[in-house]
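Okay, so here's the structure we're looking at.
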Amino acid sequence: MANYKIEKISDFLYEIPAVGAMKVPLRIYASEQTLKKMQTDKSIEQGMNVACLPGIYKYSIIMPDGHQGYGFPIGAVAAFDIENGIISPGGIGYDINCGVRVLSSSLRKSDVEPKITQILDKMFMYIPCGVGEKSHIKLNDTELNKVLNKGIVWAVQNGYAEASDASKCEENGSMQAAEANFITHHARERGRSQLGTLGAGNHFAEVQIVEKIYDATAAQHFGITEENQITVMIHTGSRGLGHQICTDYLRIAEEQDFVRSLPDRELAYFPASSNKAHEYFGAMCAAANFAWCNRQVISSQIRRAFIEIFGQIEGKLNLIYDVAHNIAKIETHNIDGKSRKVYVHRKGATRAFGPGHAEIPEIYRKIGQPILIPGSMGTASYILIGTDKAMDDTFGSTAHGAGREMSRHEAIKKYNADKLCNELLDRHIHIRSASRKGISEEAPAAYKNIDEIVKISDMAGIGKIVVKLKPLGVIKG
C-alpha cells in the first residue's frame, strides 16, 4: 500500500482517497513541511492500513504530530462501530493513558525563579524518577484493586487529592468500565510499586511561566490572568502496568487466525462484540484509572513542595485539567446524520470536545474542553480549547505534542547531556534528571517544532490556542 495520491483539501488538511482494501479515506492534518516529514517514515502507510479495519467510520486520521508507531501511527484517531467494529491494543499504545495535567498558581516568575533550584530539589526528592524507581506507597491487593477500579476516587479517599480535583479530569479521573480482574498477575506486580512515580523517556514534571495569553477570557476560566504567572505541568502515564496490559493482550490478539489477512499483524484487534474485547477494554480502563491516580499522587507531592517553600496560601496549586493521550473511549458521535456509539481510539491524540458538551466540567462547558499539549524539555507547551469543528471532523480530537522526528538512539549519539544542560541553563531553564541518557534522548531538537504543530491545530480549527507556557525548571527520569 506504499503507492498513494495525496489530495490537498486546505492549507492544513490533506486526504488520501480510499483505495484497495481501504474502507474510508485517510485524512492528514499537516503543513507542507510536516507532511514531508511524515513521508520519511511509515506513518502514512500505517494510517492507510488503519483505514482497512472492520467497522471504521468516516476517516482514518493522522494529527499534525504524527509519526510511525506500533501498528497505528502515533497521532492516530479512528472510530469503530461499537458492535461491528474492533478495539485494537496497538491503536491505544503501550503507555495506556499517558497524559498531561496542568496546575495553576498565583505566584509569579519573580517569586519562583530565585528559588527554582530549591523547588526542583524538593520535587526530585518527593517524586521517584527514572527506570526501576519505586513508590513510597505500599499497596496490598485490596488497595491496588481500589486504585484500578476507582482511579482518582482512591486518591481523594486517601488524602492525595482535593475534592474538586476529580471534576477537572477527563472521565472525572475514573472510568466506570474498569475491571481489575482482567489484568494479569504480572501486570499487577509491575504496577504495585509504581504509583506516584514519574518514569523515564519523555515523562516530566515542569515548573512553567505563562509566556503569552492569546484568549484572555478562556484563560481566566483556567485561573490564568497574567503573563509571567507560574504553572506546573505533569506528563506521565500508567507506567509498567499499562505496558504489560498492552503486551499481554497483543499476544492474545496476534494469535487469532484472521491476523494473517491483515496488511500488518501489528494491527491485531478484538472484534468489538467479543468477550476478549470486553476484557481488554476493562483492563485498559483500569490502567487509565491507575494513570490518573498516578498523576494525582505526583500532584500531591508537588503541592507539598510548593507549600513548604511558599506557605499554605501563596504555595497553593489548583488543578486546571487532566487529559489522556493514549486511550480508547466509548463515545457517541454524529456520523452521516445519525447518532452512533463508537470506540474512539486516540493514540498520541487529545480529546478536544467543543463548547456545550456534557462531559466537559461545568466551569469550562461554555468555552470548550481544555487541551493540554506538552513541549519537549526546553520548548514551549500550550493550552488550547476544543471546538465544534473538531467534533464534526475529528471525533473531537486534536494533536498531543510535538512528535518525535529523531529516534532515541539517534538522539543519544548526537546530543551530549552536559552540553544540553548548559545550553538550557543559558536560557534560564534548570534540569534535574535521574540519568544522563534521559537528557540526551529528550533533546528538544529530537522533536518537531511544537509551535508549528499547535499552529496547524489552531488554523485547521480543531483546537483554539489560549495560552503559551515556557519552562523554568524540569525534573525527568
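The values are calculated or read from the model by the stated rules, or taken from the named source; none is laboratory data. Just so we're clear, the structure is a prediction, and the values are computed from it rather than from any experiment. Every residue, glycine among them, receives a Cβ derived from its backbone with ideal geometry; neighbour counts consider all protein chains shown.
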Where a residue in region 14-40 is under 20 Å from residue 401 (Cβ atoms) and its partner, wherever it lies, is assigned to a loop (DSSP other than H, G, I, E, B) and at pLDDT 95 or above, with Cβ under 7 Å and at least six apart: 27/59; 29/12; 29/462; 30/12; 31/12; 38/30
Long-range neighbours under 8 Å by Cβ, at least six apart or interchain, first residue without any contact (Cβ under 8 Å) to a residue 40 or more places away in the chain within region 267-279, second assigned to a helix (DSSP H, G or I) and surrounded by fewer than 21 Cβ atoms within 10 Å (Cβ to Cβ): 276/252
Output for region 319-336, where each listed residue is more than 20 Å from the chain's Cα centre (by Cα) and modelled with pLDDT of 95 or more: 332, 333, 334, 335
Those residues of region 41-68 which are of a type in the set (S, T, N, Q) and either without any contact (Cβ under 8 Å) to a residue 60 or more places away in the chain or over 16 Å from residue 268 (Cα atoms) (or both), in sequence order: 43, 60, 68
Residue among 137, 116, 96 that alone is surrounded by fewer than 24 Cβ atoms within 10 Å (Cβ to Cβ) and assigned to a loop (DSSP other than H, G, I, E, B): 137
Residue in region 438-455 that is farther than 30 Å from residue 121 by Cα, buried (at least 18 other Cβ atoms within 10 Å of the Cβ) and out of contact with any Lys or Arg (no Cβ under 8 Å at 6 or more places or on another chain) present: yes
Leading residue by the ranking (farthest from residue 304 (Cα to Cα)) among those in region 226-266 that are free of Cβ contacts under 8 Å to residues at least 12 places away in the same chain and hydrophobic (A, V, I, L, M, F, W, C): 258
Count of region 48-62 residues which are touching a helix residue (DSSP H, G or I) at 6+ places or on another chain (Cβ under 8 Å), among the hydrophobic types (A, V, I, L, M, F, W, C) and buried (at least 24 other Cβ atoms within 10 Å of the Cβ): 4
1 or more residues in contact with a Lys or Arg (Cβ under 8 Å, 6 or more places away or on another chain) and among the small types (Gly, Ala, Ser): qualifying strands (runs of 3 or more DSSP E) within region 303-363: 318-324, 326-335
Sole residue being touching a residue at least 60 places away in the same chain (Cβ under 8 Å) and either on the phi > 0 side of the Ramachandran plot or acidic (Asp, Glu) (or both), chosen from 473, 461: 461
Selection from region 270-291 of residues that are part of a helix (DSSP H, G or I) and among the small types (Gly, Ala, Ser): 277, 282, 283, 286, 287, 288, 291
Qualifying residue in region 229-236 (condition: surrounded by fewer than 19 Cβ atoms within 10 Å (Cβ to Cβ), out of contact with any helix residue (DSSP H, G or I) (no Cβ under 6 Å at 6 or more places or on another chain) and closer than 26 Å to residue 429 by Cα): no
Qualifying residue in region 302-314 (condition: out of contact with any Phe, Trp or Tyr (no Cβ under 9 Å at 6 or more places or on another chain), of a type outside the set (Phe, Trp, Tyr) and closer than 16 Å to residue 94 by Cα): no
Residue check, residue 245 outside any helix (DSSP H, G or I), surrounded by 24 or more Cβ atoms within 10 Å (Cβ to Cβ) and modelled with pLDDT of 95 or more: no
Residues located in region 164-192, provided they are acidic (Asp, Glu), outside any loop (DSSP other than H, G, I, E, B) and surrounded by fewer than 21 Cβ atoms within 10 Å (Cβ to Cβ): 189
Test: residue in region 1-23 that is surrounded by fewer than 19 Cβ atoms within 10 Å (Cβ to Cβ), modelled with pLDDT under 95 and among the aromatic types (Phe, Trp, Tyr): yes
